[in-house]
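Heads up: the structure comes next, in structure tokens.
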Amino acid sequence: MPRNAAQWDLKPQLPSTHFVDPLIYTSPLILHEEREKIFARTWVIACHESEVRDPHDYRTYRHPAGKNLFVVRGDDGTIRAFYNVCPHRGNTLLYEPAGNAKHLLCIFHAFAFDCRGECVTIPRGEEGYQDRIGKAEMGLRAVRTEVGFGGMVYVNLDDGAPALREFLGGALDDMLEALDTEPLEVFAFHRAIVPTNYKLWHDTNSEFYHDYLHYHNRETSLKQPGYFERRYTTFPNGHARVGDQVVKYEAYEGFKDRDLSFPGLVRNQWKMVDLFPGQTYNLRGSSLRIDTSIPISPVQTSIEFRGLGLRRDTPEERALRVRDYNSIWGPFGRNLHEDLLAVLGQGRALGRGQRYFLHAREEDNTIHDEIGMRQFYGEWSRWMGRPASAPLEVL
Amino acid sequence: MLDVSSLETLNSDHREIARLVYDTVLLLDSKDFSGWLHRCTDDFAYAVRSWSPELRAQITWLEHDRAGIENLVRHLPRHHTEPVLLTRHATVYRIEPDAERSEATAITALTIYQTQDDGGETSLFAVGRYYDRIIRTDDGWRLREREVELDTRSLGIGTQYPL
Ligand code: FES
Ligand SMILES: [Fe+2]
């Protein structure tokens with residue numbers, strides 16, 4: 001039965017954990033708070049260690065809390081992160097997204113810094129600053145960095161936050177053998193700027209009910225044995241893991257089962273973990289995809305996608321992994337375009353008639369249960385002090 | 001030294017090769033993939049790549065033989081794709097036939113625009129180049145290899161169509 005205006009506005013007769021108010025996707029005030037309360041205080045993935053392989057290699061990162069960072073490998077091999085900002089008068093230090101720099105030289109007035117964040121040169125320092133300001137006061141802003149869980153470089157702007165392992169709360173334990181038995185390497189990177197809210201991307205990664213969207217997944221996964229036995233496991237701090245399935249890639253005409261795998265992974269196995277507040281490990285047979293979401297505005301999101309294989313891959317093995325990755329992912333893959341199309345469609349309708357979004361499926365935590373999204377928004381509400389179902393109320 | 005008649009052959013080769021490249025653009029624009037593949041050899045190879053300053057490496061985004069491309073376009077109706085029109089603007093910059101004039105390479109500048117079905121707004125989708133290898137067959141010049149080298153790496157939600 002169609003609903004009239006009052007009925008359309010009515011809150012669903014469901015627990016408040018089972019729906020959200022789409023205001024959380026459109027409000028600039030809420031994004032401002034998310035940056036301060038969540039992104040500035042939680043661990044996020046900046047890049048992979050293979051992107052800064054050698055001493056003095058650097059890689060820039062646009063942090064979701066709204067800070068520009070760079071990651072650099074020191075002469076001691078340690079990976080550190082800093083604001084990509086000159087302490088003098090705020091110029092961007094590193095303009096290239098990646099490179100190798102013995103000295104980090106600000107092009108503007110030639111302040112220079114070393115790979116550990118110390119200021120090493122102030123041109124004509126004493127003449128101008130006398131003993132009022134020196135190199136000791138002009139160090140870079142260091143950002144806490146931990147490398148692990150597949151060699152990902154995690155950063156946290158909060159100096160007082162709990163350690164990464166504690167934050168992850170065991171969410172990646174089931175994947176650890178695949179991630180940490182031997183070094184991984186990034187073979188694909190691309191960024192999709194999508195007119196949608198970052199949480200809508202994470203929602204898509206956190207529910208499998210939308211497998212109906214994907215012809216590929218319907219054939220190779222949904223119609224295959226084991227699909228409806230996949231279960232969600234939730235973890236502290238808003239993370240969720242989806243149970244495994246062995247995918248039948250050959251059910252898509254012209255597709256091949258994956259010849260390659262990861263350590264400890266059964267051939268064609270699919271494992272997936274969603275990490276609060278906007279990262280996903282998606283390990284599918286021969287390649288690992290890592291998503292990291294960066295809000296630009298409430299209705300615009302930059303999503304960084306990385307594809308990874310094993311560092312020791314031969315060129316032939318690597319080509320196979322790349323082929324498998326691109327068949328469903330990458331800017332021309334079968335599935336990724338469809339996922340992005342769906343969140344683009346949600347994004348287009350934001351503030352244009354949407355009312356409550358349902359996260360209400362309960363199926364004993366199996367694959368079409370929406371416990372993954374509920375886990376995320378439970379955590380979100382705790383950090384924000386606002387229920388996602390009624391974000392104007394303060395908890 | 002080229003005599004007059006071989007110069008004429010060379011000129012007509014150039015014309016025919018340029019025409020082949022432009023034909024492929026027109027056929028792709030109109031989504032006539034079988035017409036496009038008709039201009040390609042049986043051992044056609046297609047790839048989309050781009051240099052990534054982030055990884056300081058070349059990334060391959062799509063790589064198919066003829067059967068792979070045929071499979072890709074055959075399955076398009078089963079997938080959800082964004083309702084947009086892709087329009088390619090191409091200029092053949094350089095054609096270099098080999099000494100026997102049985103084979104040639106061509107470099108083509110490429111701009112791809114995207115027009116929304118809803119409202120008709122046009123935006124730039126990507127810029128790059130075609131690097132083609134073209135061979136002479138009994139049926140005339142045919143595309144043996146196409147590498148689409150993209151400068152643009154921020155491709156919105158991407159596309160399911162060959163470029
Ligand atoms: S802003 Fe960097 S040296 Fe002045
Ligand atoms: Fe999906």
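General remarks:
- Across segment A:24-109, Cα pairs under 8 Å and at least six residues apart give a relative contact order of 22 percent.
- Contact order normalised by residue count of chain A, Cα under 8 Å, 6+ apart, percent: 20
- Take every pair of alpha-carbon atoms less than 8 Å apart whose residues are at least six positions apart; their mean separation over the length of chain B yields a relative contact order of 23 percent.
- Cα gyration tensor shape of segment A:44-156, rounded if a/c is under 1.5, else prolate or oblate by comparing a/b with b/c: prolate
- Inter-chain neighbour count for A:335-346: the average number of beta-carbon atoms from partner chains within 10 Å of each residue's beta-carbon is 4.
- Anisotropy class assigned to chain B is prolate, per the alpha carbon gyration tensor with a/c at or over the 1.5 cut-off and a/b larger than b/c.
- Gyration tensor (alpha-carbon) shape descriptor, chain A, a/c threshold 1.5: oblate
- In this calculation the C-beta distance from A:HIS32 to A:THR314 is compared with R0 = 51 Å, giving a FRET efficiency of 0.55.
- Inter-chain shielding of B:55-66 (mean C-beta neighbours from other protein chains, 10 Å cut-off): 6
- Selection among A:CYS115, A:PRO64, A:HIS48 by position relative to the dipole of segment A:44-156 gives A:PRO64 as farthest towards the positive end (Cβ unit charges, Cα centre).
- Centre-to-centre, using Cα atoms only, segment A:88-122 and segment B:108-125 are separated by 39 Å.
- Of the residues B:GLU63, B:GLU54, B:GLU147, the one that moves most in a GNM of chain B with alpha-carbon contacts below 10 Å is B:GLU54.
- Among B:ALA67, B:ALA45, B:ALA104, the largest mean-square fluctuation in a Gaussian network model of chain B (Cα springs under 10 Å) belongs to B:ALA67.
- Cysteines in the protein assembly as shown lacking a second Cys C-beta under 4.7 Å: A:CYS47, A:CYS115, A:CYS119, B:CYS40
- Listed residues A:MET272, A:MET175, A:MET138, most fluctuating in chain A (Gaussian network, C-alpha, under 10 Å): A:MET138
- From helices alone, the protein assembly as shown scores -6500 deg cm²/dmol at 222 nm; the rule is -39500 (n - 2.57) for each run of n ≥ 4 DSSP H residues, then divide by the residue total.
- Inter-chain neighbour count for A:114-120: the average number of beta-carbon atoms from partner chains within 10 Å of each residue's beta-carbon is 0.
Here, each number is a calculation from the coordinates, and none is a lab measurement. In this text the structure is predicted, and so the values were computed from the model without any measurement. Ideal geometry is used to build each Cβ from the backbone, glycine not excepted, and the neighbour counts take in all protein chains shown.
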